[in-house]
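The values are calculated or read from the model by the stated rules, or taken from the named source; none is laboratory data. None of the values given here were measured: they were computed from a predicted structure. Every residue, glycine as well, gets a Cβ built from its backbone with ideal geometry; the counts of neighbours run over all protein chains shown. Surface accessibility is based on the protein's heavy atoms, side chains included, excluding ligands, DNA and RNA. Shrake-Rupley method; radii C 1.70, N 1.55, O 1.52, S 1.80 Å.
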Amino acid sequence: MWPEPDDPATVHRMRTAHTHARRALHTHPDPEAHEAWGWHGRTLGAPVTTDHGRRWLRVAATPIDQLIDTFWNGAIDAHRAIPAAVPRPRLLRWHDWTDGTWTYRAELYEHATAGTIADHAAITTPPALTSGWWATVGTALTTIATVNTIRMTVQPGFLAWSMPHYLGIPSNDHPGQPWTTAHGDFHYANLCAPELQILDWEGWGLAPAGYDAATLHTYSLLAPDAAADISHHLTDLLHTPAGRHAELVVITELLHACEHGINTALAAPLHHRARALSAGTGASR
């Protein structure tokens, strides 16, 4: 989650949009509602009530001339393509509208049966998770990887520029590595426990094989015990040539984010991890 935007006009506009969405989708305010803001106030989620129980209502907004189909349609595409066996709150219905400047989409979901493991993507404290939870993660990632799609989570053109820029290696330094379908934002702020549910499907698509496991591991570098747990439980995805390449891809993306002021505390561990992987010594952490 991200903090409430500093701009009062953005806060007012998004809360007004959320109220519009509640009415359009025939829901009611939840007396125990808490807000979940997205990056720069581009999304706002909160629990609501319906005649069938508690639900989650998420509203996304984008300037009309900046709509990117991949992210805008991610949840609907996932609803249609990702097998029901992958545990996640179901998308129940949606509603689109515009105010002439901004385009909005409201998405009504089942309410998650458990809370997210962390409030932020980059963790500093290792979570306590059962072996059964990890087994469910492994099964879910295997299932997701088999989904047929032309959606792209990772853009090869970005890697062609960014991997030499941040790591000093070409993006094709590991030729022939497979790409498979990924959730695309697989970190503890999008994962629930003790019952696994996977949230936030807007960016799913094709990525280097092992990308989701690599994302979870990389966001855990500030909590070494957590990173070691991930390395142990997802070893079949991480400790392969494809998995090491996927991890270098994720490190590149997060170094790019650090350069733009996001999760800057990760910068030093990211560089350290990249050197270990490049030297072939990154097996355990």
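Brief remarks on what is shown
- Long-range HN-HN contacts of M152 with modeled amide H, under 5 Å: L206
- Per residue, the chain exposes an accessible area of 47 Å² to a 1.4 Å probe, with every protein chain left in place.
- HN-Hα J in Hz across the range 3-11 - Karplus 6.51, -1.76, 1.60, θ = phi - 60°, x for Gly and Pro: x, 4, x, 6, 7, x, 5, 5, 4
- Accessible area per residue (1.4 Å probe, heavy atoms of protein chains only) ranks T218, T136, T130 as T130, T136, T218, with the largest value leading.
- Put F186, F71, F158 in order of accessible area, highest first, and with a 1.4 Å probe you get F71, F158, F186.
- nm² value of the averaged projected area, convex hull over the Cα atoms of the range 91-160: 9.1
- Computed over the range 139-201, relative contact order equals 32 percent, with contacts defined as Cα pairs under 8 Å that lie 6+ residues apart.
- Count Lys and Arg as plus one, Asp and Glu as minus one, and take only other residues whose Cβ is under 11 Å from that of H20; the net charge is then +3.
- Measuring nothing but how far apart in sequence close Cα pairs (under 8 Å, 6+ apart) lie, relative to its length, the chain scores a relative contact order of 16 percent.
- 20 Å tail of the calculated P(r), the range 30-119, as % of Cα pairs: 40
- Given their separation in residues at 0.36 nm each and the Cα-Cα distance between them, T240 and H40 gain 68.3 nm when the chain is fully extended.
- Where H232, H187 fall by accessible area, highest first, once all protein chains stay in place (1.4 Å): H232, H187
- Karplus 3J(HN,Hα) series, Hz, for the range 93-98 with 6.51 cos²θ - 1.76 cosθ + 1.60 (x for Gly, Pro): 6, 8, 8, 10, 7, 9
- Here is the list for the range 171-248: GluC sites (Glu not before Pro) lying in DSSP coil, each with at most 14 other C-beta atoms within 10 angstrom of its C-beta, are E195.
- Whole-angstrom gap from the range 4-30 to the range 235-249, using each part's C-alpha centre: 41
- Cα pair distances of the range 133-226 binned at 5 Å [whole percent]: 3, 12, 20, 24, 19, 13, 7, 2, 0
- The chain - convex hull of alpha carbons, volume per residue in Å³: 133
- T180 long-range amide H proximity, modeled H, under 5 Å: A207, A209
- Carbon plus sulfur fraction of accessible area for the chain, probe 1.4 Å, in percent: 55
- Length-normalised contact order for the range 1-156 - Cα pairs under 8 Å, 6+ apart - percent: 20
- Residue-level accessible surface for D119, protein heavy atoms, 1.4 Å, Å²: 90
- Using the Cβ-Cβ distance between I262 and H26 with R0 set to 45 Å, the FRET efficiency works out to roughly 0.75.
- Vicinal HN-Hα couplings computed from phi for the range 47-61 (Karplus, 6.51 cos²θ - 1.76 cosθ + 1.60; Hz; Gly/Pro x): x, 9, 10, 9, 5, 10, x, 7, 9, 10, 10, 10, 10, 10, 9
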